[in-house]
Amino acid sequence: MNPHSRTAPLLQPDEATDHICGLASAPVTLIEYGDFACPACCQAYGAVNILRAHFGDQLRFVFRHFPLREVHPHAELAAEAAEAAGAQGRFWPMYDLLFTHALHLKEKHLMDHASQIGLDMARWRNEMADHVYLQRVQEHVLGGKHLGVRSTPAFYVNGVFVDVSFGLQHLHEAVDKALLLRS
């Protein structure tokens, strides 16, 4: 059995469970496993925004949660908050706020963020209190672990892992290379 065949489905965006920005017809798909409290993910956030602006409709971006609870105690709750916002169609505004305010991820801050993006606060508070989206966050983490993700950010360009530990420029190069392969 091909060992890649078990992980291949994990490298395909799933409209039902993933947060996707961009066209399904885009020639390049960038998947990130990230943690809202991770300093390296905060740096990557800026780089990903630059990539998205630069490549436009040629790039589809998928964000999946990989909170490193042992290192970042507020990351999992922040991921839940993003999912609760997503249930109200506001994932991306919450994603932006969480990354731009990564030092403010305690429960009171998350409530302020939710209010700031215009969520139904009664619904949001109830869903957060009941941890309605914890399972989805944990499913993202399990998927990442199945792929071998151990740290964040972890990126895949068209299903191929891209090591950014020596700089985010590698991500831009990987997208360029994927586009060349498609042309």
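Rounded to the nearest 500, the helix-only mean residue ellipticity at 222 nm of the chain stands at -15000 deg cm²/dmol, with each DSSP H run of n ≥ 4 adding -39,500 (n - 2.57). Placing a label point 7 Å from the Cα of V160 along the Cα-to-Cβ line, the residues of segment 27-41 whose backbone N sits under 19 Å from it are 27-33. With a Förster radius of 30 Å applied to the beta-carbon distance between Q138 and D176, the computed FRET efficiency rounds to 0.30.
Could you let me know the centre-to-centre spacing of segment 15-41 and segment 159-183, using Cα atoms, in angstrom? What the calculation gives is 14 Å, centre to centre. For semi-axes √(5λ) of the Cα gyration tensor in Å, computed directly from the structure shown, the correct entry in [x] 24, 19, 17; [y] 27, 17, 16; [z] 40, 20, 12 is [y]. Computed FRET efficiency, Cβ-Cβ of A122 and R52, R0 22 Å: what is it to the nearest 0.05? Approximately 0.10, to the nearest 0.05.
I'd like the antiparallel share, as a percent to the nearest 5, of DSSP beta bridges with both residues in segment 4-182. Roughly 60 percent of the DSSP beta bridges within segment 4-182 come out antiparallel.
Isolated cysteines of the chain, defined as having no other cysteine beta carbon under 4.7 Å away, are C21, C42.
Separation of segment 85-134 and segment 137-153, taken as the distance between their Cα centroids, equals 22 angstrom. Per-residue extension of 0.36 nm, minus the Cα-Cα distance of A16 and A40, leaves a gain of 5.9 nm for this segment.
Only the coordinates and a few stated rules stand behind these numbers; no lab work does. Computed from a predicted structure; not experimentally measured. Note that we place each Cβ from the backbone using ideal geometry, even for glycine, and neighbour counts take in every protein chain shown.
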